[in-house]
Structure formats: structure tokens, C-alpha cells
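The values are calculated or read from the model by the stated rules, or taken from the named source; none is laboratory data. Predicted model, so just to flag it, every value in this text is computed and none were measured. As a convention, Cβ positions derive from the backbone with ideal geometry for all residues, glycine included, and neighbour counts pool all protein chains shown. Accessible surface is based on the protein model in full, side chains and every heavy atom, while ligands, DNA and RNA are left aside. Shrake-Rupley method; radii C 1.70, N 1.55, O 1.52, S 1.80 Å.
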Amino acid sequence: MSFSTTTPVIAIHGGAGTLSRASISAEQQAAYRAALDEILRSAQAMLAGGAPAIDVVTEAVRQLEECPLFNAGRGAVYTADGRHELDACVMRGSDLAAGAVAGVRTLRNPILAARAVMEAGGPVLLIGPGAEQFAAECGCETVAPEWFDTPHRLAQLHAMQASDRIALDHDAASHDAPTVPAPLDERDKFGTVGAVALDAHGHLAAATSTGGMTNKRPGRVGDSPLVGAGCYANDRTVAVSCTGVGEAFMRGLAAYDVSALVEYVGLPLRFAARRVVMDKLPPLGGRGGLIAVDARGNVALPFNTEGMYRGWARVGEAPVSAIYADEAGPEQ
Ligand code: GLY
């Protein structure tokens, strides 16, 4: 077993967006930070024990899916017809293996289904009932579609529909609607979750999972399950997980673009990540951000919104979680 001289590191995100206009109590902020910290500590322990990066990011995203504060798994947003259609992707940097599912409605943890697709080594992306059937055959837990229902996401759907806004208007001006108080405005947030990691063996991996955007058209798929758009990992360069307006991240091949800037232009990670998020995506309407770690253990977490739920942890150091732009980051 070979070990890298670089300290293993994990970074996670839980979506980007604007600051909440509601009055947020310290307790409400603390709930989000506590959720991020708990997942970071769990991932840190796995990395310290020598776990492969692909296992660490899969488990971190599974935990984010299980947390109803975030838009993935339970707590996912609703489509225009009042359902949930979930997307996820996982990628291993050592051999560019990848697996993804899109538009699934009955898989408790879409990221585990994506992982099963990857492990099978056949198709990279499975959609809808075919993905559900395959994942169930692989032992992934299935649930009734209603399992993903949460009152606060339903209130968001009704608010969007009352103002006749659709998914792509998700970043339009907020309006009054019932929602749970949260540090980032739930009516103007690009919810997706993700994780990137460098392990003790020098390998990178990335994972991304989402419910998409509130009031999205049934059948719409965003960037999250698309290799190179919302998720990418290559041991030669970087691991990246994105959150934002999916169509722009798809058109910009955001995750792969960070890798390409590192590999072909030789940009350091922080400049490559910022160039994509701050320069390339905004003209495409690409509000959001990404998390990235490179093969040397550098971490970058840039976003062009007012905040992004995020955190990172190196083995042997205290985890750090942050929400707003004015909080210090490693390489924002
Ligand atoms: N970035 C998530 C989506 O657009 O679906």
C-alpha cells in the first residue's frame, strides 16, 4: 500500500445562493454549520484511516442526502408537477471511472446508485426507471416517492408557482413566501450537494447530488449528473463538484474546464477555479460556485453568489465550515 506525502483533505458543499432576508438566529446558523461539521469529521476519520477518496466522497454525499437541510435526497426540491426527480454523479480520479443517475424518484440515496453504476463498468449514465431498476438489483434501498416530501420544499414550490416562476428564474428577485429560516435565502438558492477529496494514497474523487431546481420542468436534467459539467475527477489535475444554475454549468463544462486550465494552461488551482466561476460562468447566467481539490492537496471553494454552504478538513486539523463570502476560506 503506497501513501502520498500530502495530507489527505475533504471539502464539501451544500449549495450556493443569496443571503436570507429573514432574521436568522444564531441557533439557525449553527444548525447548518453543525451539519457540515459532522459530515466533515466523519470524512476526516475515514481519510485518517486510509479510506479511498472515492469511498469518502460517496459517504459524505450520502450523509448530505440524508440531511433535510440540503437539496438532495430527502429535502430535495419539487418539480413543476409536484414530484421529485433526483440526479447524482460520482467520479474516481485514478482511472476516470464514473457513474451517474438522473431523474430517479424512488432511490433513497441517488449517490449510491451512481456509485453502483460506476462499479458495474458499463454505461456511465442511467436515467429514470431503468436507473431505478438497475440500482435496486444492485442492492440500493428503494423508497416510495413520497419519502422525499418535506413541508418547506412544498411551500417553496407553491410560492414559485404563485408568481409563475420556473426553474430558470430561480435567481430572480425573491418574494414573500413561507419557508424555513435559513442563512441563505431558500427562495433564491442553488441547492446541490457535493464532496471532493484527496486520500492518503494520492488519489482524487468527486461526488455531486441534487434535487435540481424548484418548479423545474419534469424531465429536466441539470449539470450535476453530467461528467465534466457538475462533477469531475482526474488524479493528474483536480476533483471538482459544482453548484449553481445547471444549464450554464453544462454549457461551460465547468468542472472539466477547471481541470483543463490546470492541465493544459498550467494554472494553479485557485486561479483556474476562480477563472471559471468568476469570469466564464457569469456571462452564461452561471450563478453558483464549486469546490475543488488538486493532487497536491490545495483546496479552492470559489462562488459568485453571496454565500455557499461549504467546509473543508485536512487530516489532523480542525474542520472549518463557512456560509458567507466574508468568512475566510483556504483559496476562495
Ligand atoms: N446545479 C443543479 C441543477 O441545476 O440541477
Using a Gaussian network model of the chain whose springs link C-alpha atoms within less than 10 Å, name the residue from 146, 65, 132 with the highest mean-square fluctuation. 146
What distance in nm separates the simple spin-label points at residue 263 and residue 25, each placed 7 Å from Cα in the Cβ direction? 5.0
Listed residues 107, 261, 226, most fluctuating in the chain (Gaussian network, C-alpha, under 10 Å): 261
So what's the net charge close to residue 204: Lys and Arg +1, Asp and Glu -1, counting the other residues with Cβ under 12 Å from its Cβ? -1
Report the Rg/Rh value for region 217-298, based on alpha-carbon coordinates and the Kirkwood definition of Rh. 0.97
Which value results when the Cα radius of gyration for region 39-136 is divided by 2.2 N^0.38 Å? 1.10
Quick one: Debye curve from the C-alpha atoms of the chain, no solvent, what's log10 I(q)/I(0) at q = 0.10 Å⁻¹? -0.48
Value of [θ]222 nm, deg cm²/dmol, for the chain, DSSP H segments ≥ 4, -39500 (n - 2.57) each, nearest 500: -8000 deg cm²/dmol
Solvent exposure, largest accessible area first (probe 1.4 Å, DNA, RNA and ligands not counted), of 84, 152: 152, 84
Take the Cα of residue 279, step 7 Å along the line toward its Cβ, and report every residue of region 227-263 whose backbone nitrogen sits under 13 Å from that point. 258, 261-262
Find which of 253, 112, 298 sits farthest along the positive direction of the dipole of the chain, computed with +1 on the beta-carbon of Lys and Arg, -1 on that of Asp and Glu, about the Cα centre. 253
Accessible area per residue of the chain at 1.4 Å probe, in Å²? 36
Where the centre of each part is set by its Cα atoms, how far does region 22-89 sit from region 260-332, in angstrom? 18
Leaving ligands, DNA and RNA out of it, report the carbon-plus-sulfur percent of the accessible area of the chain at a 1.4 Å probe. 53
Of 85, 137, 247, the one that fluctuates the most in a GNM where the chain has Cα springs shorter than 10 Å: 137
Placing +1 on the Cβ of each Lys and Arg and -1 on the Cβ of each Asp and Glu in region 1-139, which of 34, 6, 139 has its Cα farthest towards the positive end of the resulting dipole? 34
Stretchable slack from residue 163 to residue 271, in nm (0.36 nm times residue separation minus alpha-carbon distance): 35.0 nm
Given charges of +1 on the Cβ of Lys and Arg and -1 on the Cβ of Asp and Glu, with all other atoms neutral, how large is the dipole of the chain about its Cα centre, in debye to the nearest 20? 360
